[in-house]
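K.L.:
Can you keep this structure in mind? I'll have questions shortly.
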Amino acid sequence: MVVLWGSNARETHPIFFHHVLRAVRAGARLVVVDPRRTATAEFADLWLPIDVGADIPLAHAIAHEIIAAGLVHEEFVARATTGYAEFAAQVADWSPERAEAVTGVPADLVRAAAHAYATAPKAQLCWTLGITEHRSGVDNVLALCNLALLCGHVGRWGSGLSPLRGQNNVQGGGDMGALPNRLPGFQAVTDPEARTRVEAVWGHPVPPEDGRNLTEMFAAMETGDLRAVYVLGENPAQSEADVTRARRLLGDLEHLVVQDLYLTRTAELADVVLPATAAWCEADGTVTNSERRVQRVRAAVRPPQGARDDLAILTAVAERLGTPIGPPDPETMWDELRRVSPLHAGMSWVRIEALGGIQWPCPSETGLEPSFLHGRLWADDPAERGRPAPFSVVEWVPPADPLAADFPIRLTTGRRLDSYNTGVQTRRFSSPLRFGETVDLSPADADALGVAPGEVVRVVSRRGAVEAPVRIDPGLRAGLAFMTLHFGDDVDTNRLTIEAVDPKSGTAEFKATAVRIERIPAPVGAPDAPPAR
Amino acid sequence: MTDGAGNPAPAPGATVTVTVDGRTVEVPDGATVLDACTAAGVDTPTLCFGDTITARNVCRICVVDVAGSRALVPSCSRRAEPGMEIGTDTPRVRHARRMVLELLASSVDLSLTDHVEEWSIRYGADPDRFGPDAATVAQPVKVDNDCFVRDYSRCILCYQCTDACGEQWQHTFAIAIAGRGFGATVSTEHDVTLPDSACVYCGNCIEVCPTDALMFRTEFDLRTMGAWAPERQTRTDTICAFCGVGCTLTLHVQRGATDDEGDRIVKVTSPHGSSVTGGNLCIKGRFGAGHVHS
Amino acid sequence: MSDVRPTLVGVPVGLPVTRPRRDALLPALHEAHDAAGWLAPEVLDAIADRLGLGRAEVFGVASSYASFAFTPRSRRLRRVCTDVMCTAAGAVPPGADEPGVVASPCLGRCEQAPAVLDTEGGRAVVPVAPAPVPQPVSARTLLRRVGVVDPASLDDYRAHGGCAALAHAGRIGPAAVRAAITASGLTGRGGAAFPAGRKWEAVAAASGAPKYVVANADESEPGTFKDRVVLEHDPFAVVEAMTVAGYAVGAEVGYLYVRDEYPEAIARLEHAIAAAETAGLLGPDVAGLGVAFRIEVRRGAGAYVCGEETALFASIEGFRGEPRTKPPYPVDAGLFGRPTLVHNVETLANVLRILDPDGAAPETKLFSVSGAVDRPGCYEVPMGTTLAALLDLAGGVPVGRRLQAVLLGGAAGTFVPPGEIDVPLTVEATRAIGATVGSGAVFVCDDTTDLAAAVLGIATFFREESCGQCVPCRVGTVRQEEALHRLVHGRPLGSVAEEVQRLRDVGAAMRDASICGLGQFAWNAVEGAIDRFGVFGERS
């Protein structure tokens, strides 16, 4: 069984979805939780049409039903988890009927999904940004983890929890320590043992406290604590929620360095632009995919004149700063990582090549670990089992941007099949599927507003307004609208979104904006529309 | 449990012993007759057989003689059975292979199909013997989008593209076999253009096409201009950057004819053995690489 | 293996999804075609969307059938049979200036050659002709009710011995029924002559459910109409025989696949099934035996290849009628990939003979006799009757004419010269003279018949009916027709000998390397005409 929660994998992870389809063809059930009846939902046995931001109540109600129906994997819960009693007490209040009132998901469907998940011999629960791009993003994830623990759907082949990463190296970036609270190998900055290990290799002390995440950086720009920023391969002037504010803050910096392939909106604000190469085809190195597989990228194309690869730029900058960090050689860098990160110790460059990628953990150069994590939780020996997995008591926090009479429509955002993020790369190829930015409305709302497909309307949120043509999507329920962030140059969707941030992850609530749709009156003096024939 | 062809699941670890042209070979249970021929060191021609699609055995060039079987047997899809006596070079086999080559080459443009010349010599095929008026499937190339073109005068109806588009991989069902007999063709509904069809431009049909009937627009344009230069092309495996799945891309790069002329990604494929892709990609991976040239 | 495809078209928000039944496609196409007379693109697309199938797939399936029109056409149609037998009898293909008149593959009315069939919305317009069975009732076993009972009356059927076999089967139990079939030595009458009992035992022994019984009533071999006689005039017998088979092998569902050219048979079978359901002979508890069985009629759509059992399965399942490679055989993986017992109508009729509680009558064989005889029609003769005796029964060639050849086994059969008509009509004896009983089609050619034209007609038939799946048949049937066309018109490419050699080369490849019998036998009649009759001046 596969659960896709807040994921339109058919369009956003098409090749992952091939694997799902193969499982479905072999008899696996597919449950899709999504506010929209997406292309993914169309392949599902069950589609749970959830109201945006109601993930925690839905997860709690599913847990409630699993417990009420006696479907808890009691042996696993008793041996391998903690906090069950508190968790059970909390979800006891969340009957499917109560949840229906706030999630919009019919109680019968909640029950059906609960039974299907709890009784499946194996179940994989996957999510994407529909879960994480909320101000309760981390708690949303924990609520899903609770379900897996409840049913023992973790730590076995074919059963587990999997965030589907949106970019080819989100996982790798974090693994390499490109997080404010992590060292390479996903080791905590606050862990003295890890710090010692890293310091021994680097020959420098590592500050023992967490750094700032992106949101905190913007907050620090606001207060003036952060005055210089070095941006690599990001386009926050277009990708941030509430971009008006983001652009103001970036523009007010004393010094902004941007390293990118293109002169992006962010680069336009920079004092210094460092032209980089396309890491995936003009440079050598590694990336790590959603299944923690470290894979080799290779230079296939000679870069344009003047562009240098990220490693060359970074080592050169370090050199200028008086702190050489080694030669700009990817394999040397990689070997350094292997010395500081036990997860990667066994992955020699040669081995990664030979095996076509290796999943971490890979502590040893001989042998491979199982492809799934947390298998230890099933061990008979308590010592081997180790620290039990905790249930989390998480409270529902509704979206920060409430619906109201003047903002009655819930706008959610996501990707389309042929485009990627702010479109910096994908708009440069001619896609027969592309039709530009639209505001997708349900047939019912389009009817009520009296708007026709293609008609340009104004979409207004509490923060700003954009104009976009209407597209009618029968997969949308009344009250739900959809836009992408792909065409920011034409339609700046992020003028609408809210900078309401998850305090734990720093991710903004891109998925839940309250808007209204306004028809645009014909300008005064403009010729009238042609009369109907 | 059965496989796609309805055969029972093989017993793991078990083997089957057969003879190929009198030589005894042992192959794993579940292996095909083609596998057995390969194991015996016999080179078997195949056209419609692809390594990522369940064998359809429609081209019939891989047929072999199996003792006890009245008709010849398609080696690509028949399971090797204990004691099978397989003949790969009998007069009947040679004749059938020769005729398949003659029938196809007299009706379809095989000029871009690998091995045809070599096999035609091996089996003595003379496709011209049916005369200048022999019916063919010649027709104009379908050029209706910037991603890829469809030249059905090169189509041998191997069914791989429809299977890849359909339930073996993509589940898009944008193309199917339409019509019947000699008039059968791969088609969208009512032969509408791809932009009017359900096509999502994953290009997984191009990946499996054995005759280059389906071709990247880049390749088609370069060939048309006379600028297609395989001798200046390299292939490099890397990882797609457009999501977190980590699909291996094989970038086919054509070096510029001069130092001033830049490199160009002319085609993108994926290794069929990749555990992530199985040879498949989506529109972004297959066709979205152009940004590095802009 | 389930069918995986988008399914939510038209499904209300949030409800669990019922996956589409792809096998609803062919009936849906017929319904739309009957209503409008043709299939408009938007109608096809709407069917695809409703069933959750790809639009290209639906177009692909629909366009593989000759019955469907894709440009506007009248609901009222006159189908003119242009097959070998009717052409020999003077049938002329309709011209383009005759709206509502279309050429048709063999209508299975060869005894009326040249045959026409008038339909409106797929239903026959004129009432069914009397059964073309010239023999007296006393000489018949399988046909003993034909022309005797009212085919619409279950009571009449019962009054003439109907339902006795089912009752007998219920008394002796499934294992004994299978044993009786095996002991009888019954072999399949579709042409392959495979022992029926082995199929019954294999399906019964196959594990799992569901299992299926399929009646192949896609009697498409040109010159063959014996099954039509049974279907039209003794429909309850087919229903009863399928029910016995289902009971004996443990199948709860039967499919009765009838060709589109038999609209009266379809109507009468549908009536018989409904009557049997009402009487409790079909349904959740068949005749009080405690087993369930139901029958669905499926209407073909003008594809000869669907008479091949695996193509027939594909057609029922909603795919293009394309044969599948064997093995696996239907008893292991047949309809919907499940164990399936498939028999043609005549074989099923024999089941009732074998299970007659009064003891099995001696074995007989049905033949469809057409062409140059005085009394064309359907004949039932004891097994082993000679071709000469059968021709005598049919009155022999008309006075003043001379027998030139007998096309035995239809288009897939072969021409038998006058000197060999003493051959007993058994599988073994005909094989010994290089011929085949095949479907039991007996087309008699006298000295006025143009054999070369008939051979070219056969080649055209195979070219038109090739499904297009495998190369030897798809291209080979074209090359065969091209060469014959040149020969018949006296314009050989090179010498006649070269042309004949070309035919031999193509024919051998079709026979050896085609997927199914269509391609494998597409060269049979041509080869015989060349070798035994020297139609092109060459005799081997």
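K.L.:
B:Ser111 versus (1) within 13 Å of chain C (Cβ to nearest Cβ); (2) within 21 Å of the chain's Cα centre (by Cα); (3) among the polar types (S, T, N, Q): which is the lone unmet condition?
P.N.:
Going through the list (1) within 13 Å of chain C (Cβ to nearest Cβ); (2) within 21 Å of the chain's Cα centre (by Cα); (3) among the polar types (S, T, N, Q), B:Ser111 breaks only (1).
K.L.:
From C:Gly90, C:Gly54, C:Gly95, C:Gly100, which residue is without any contact (Cβ under 8 Å) to a residue 12 or more places away in the chain and not assigned by TED's automatic domain parsing to the domain that holds C:Leu269?
P.N.:
Working: C:Gly90 fails: without any contact (Cβ under 8 Å) to a residue 12 or more places away in the chain; C:Gly54 fails: without any contact (Cβ under 8 Å) to a residue 12 or more places away in the chain; C:Gly100 fails: without any contact (Cβ under 8 Å) to a residue 12 or more places away in the chain.
Step by step, each of C:Gly90, C:Gly54, C:Gly95, C:Gly100 is checked, and only C:Gly95 is without any contact (Cβ under 8 Å) to a residue 12 or more places away in the chain and not assigned by TED's automatic domain parsing to the domain that holds C:Leu269.
K.L.:
Another question, if that's okay. Return the pairs, sorted by first residue and then second, in which the second residue is surrounded by fewer than 20 Cβ atoms within 10 Å (Cβ to Cβ) and among the basic types (Lys, Arg), the first residue lies in segment B:99-127 and is farther than 15 Å from C:Val506 by Cα and modelled with pLDDT under 95, the beta carbons are less than 6 Å apart, and the residues are 6+ apart or on different chains.
P.N.:
Cβ pairs passing all conditions: none.
K.L.:
Now a separate question. Determine which member of the set C:Ala454, C:Ala509, C:Ala522 is in contact (Cβ under 8 Å) with a residue 24 or more places away in the chain, assigned to a loop (DSSP other than H, G, I, E, B) and buried (at least 22 other Cβ atoms within 10 Å of the Cβ).
P.N.:
Answer to the selection: C:Ala522.
K.L.:
Right, another one. Select, from C:Arg491, C:Arg486, the only residue that is more than 21 Å from C:Gly307 (Cα to Cα) and either touching a residue at least 24 places away in the same chain (Cβ under 8 Å) or in a helix (DSSP H, G or I) (or both).
P.N.:
So the residue among C:Arg491, C:Arg486 that is more than 21 Å from C:Gly307 (Cα to Cα) and either touching a residue at least 24 places away in the same chain (Cβ under 8 Å) or in a helix (DSSP H, G or I) (or both) is C:Arg486.
K.L.:
Inside segment B:176-294, counting only helices (runs of 4 or more DSSP H) that do not spill past its ends, which hold 3 or more residues that are over 28 Å from A:Thr288 (Cα atoms) and more than 7 Å from chain A (Cβ to nearest Cβ)?
P.N.:
Details: elements: B:204-208, B:217-225, B:283-287.
It comes to B:217-225.
The rows are residues; the columns are (1) closer than 30 Å to A:Gln425 by Cα; (2) within 14 Å of another protein chain (Cβ to nearest Cβ).
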position	(1), (2)
A:Leu125	no, no
A:Cys145	no, no
A:Gly160	no, no
A:Arg182	yes, no
A:Pro207	no, no
A:Ala219	yes, no
A:Glu234	yes, yes
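K.L.:
Here's another thing I want to ask about it. Sort out which residues of segment A:257-309 are away from chain B (no Cβ under 13 Å) and within 25 Å of the chain's Cα centre (by Cα), and write them in order of number.
P.N.:
If the condition is that a residue be away from chain B (no Cβ under 13 Å) and within 25 Å of the chain's Cα centre (by Cα), then A:Val258, A:Gln259, A:Arg265, A:Thr266, A:Ala267 are the ones that fit.
K.L.:
Where in segment C:29-115 are there helices (runs of 4 or more DSSP H), lying wholly inside it, with at least 3 residues that are of a type outside the set (Ser, Thr, Tyr) and exposed (fewer than 15 other Cβ atoms within 10 Å of the Cβ)?
P.N.:
In segment C:29-115, the matching helices (runs of 4 or more DSSP H) lie at C:41-51.
K.L.:
So, one more: Within segment C:187-199, take every residue that is of a type in the set (A, V, I, L, M, F, W, C) and in contact with a Ser or Thr (Cβ under 7 Å, 6 or more places away or on another chain) and give me the one that is nearest to C:Ile354 (Cα to Cα).
P.N.:
Here the residue is C:Ala196.
K.L.:
To continue, here is another question. Can you say whether C:Arg474 is at pLDDT 95 or above and over 27 Å from C:Cys110 (Cα atoms), as far as the supplied structure shows?
P.N.:
yes
K.L.:
Could I ask something else about it? Any residue that is β-branched (Val, Ile, Thr) and at pLDDT below 95 - is there at least one of those in segment A:384-406?
P.N.:
Checking segment A:384-406: at least one residue is β-branched (Val, Ile, Thr) and at pLDDT below 95.
K.L.:
Would you tally the residues in segment B:239-289 being closer than 22 Å to B:Asp212 by Cβ and among the hydrophobic types (A, V, I, L, M, F, W, C)?
P.N.:
Summing the residues that are closer than 22 Å to B:Asp212 by Cβ and among the hydrophobic types (A, V, I, L, M, F, W, C) in segment B:239-289 gives 11.
K.L.:
Somewhere in segment C:457-464, is a residue among the small types (Gly, Ala, Ser), in contact with a strand residue (DSSP E or B) (Cβ under 8 Å, 6 or more places away or on another chain), surrounded by 18 or more Cβ atoms within 10 Å (Cβ to Cβ) and not assigned by TED's automatic domain parsing to the domain that holds C:Cys110?
P.N.:
no
K.L.:
Inside segment A:404-464, counting only strands (runs of 3 or more DSSP E) that do not spill past its ends, which hold 2 or more residues that are surrounded by fewer than 21 Cβ atoms within 10 Å (Cβ to Cβ) and aliphatic (A, V, I, L, M)? I'd like the intermediate steps shown before the answer.
P.N.:
Working: elements: A:409-413, A:439-441, A:456-461.
Those strands (runs of 3 or more DSSP E) span A:456-461.
K.L.:
Which of the following residues is assigned to a helix (DSSP H, G or I) and under 23 Å from the mean Cα position of the chain (by Cα): C:Leu407, C:Leu366, C:Leu390?
P.N.:
C:Leu390
K.L.:
In segment A:349-372, which residues are surrounded by fewer than 17 Cβ atoms within 10 Å (Cβ to Cβ) and either hydroxyl-bearing (Ser, Thr, Tyr) or assigned to a loop (DSSP other than H, G, I, E, B) (or both)?
P.N.:
Result: A:Gly356, A:Pro363, A:Ser364, A:Glu365, A:Thr366, A:Gly367, A:Leu368, A:Glu369, A:Pro370, A:Ser371.
K.L.:
Oh, and also: So, A:Gly173, is that one assigned to a helix (DSSP H, G or I) and either surrounded by 19 or more Cβ atoms within 10 Å (Cβ to Cβ) or of a type outside the set (Val, Ile, Thr) (or both) or not?
P.N.:
On the way: assigned to a helix (DSSP H, G or I): yes; either surrounded by 19 or more Cβ atoms within 10 Å (Cβ to Cβ) or of a type outside the set (Val, Ile, Thr) (or both): yes.
The answer is yes for A:Gly173.
The values are calculated or read from the model by the stated rules, or taken from the named source; none is laboratory data. Worth saying up front: this structure is predicted, and the values here are computed from it rather than measured. Cβ atoms come from the backbone with ideal geometry, glycine included; neighbour counts cover every protein chain shown.
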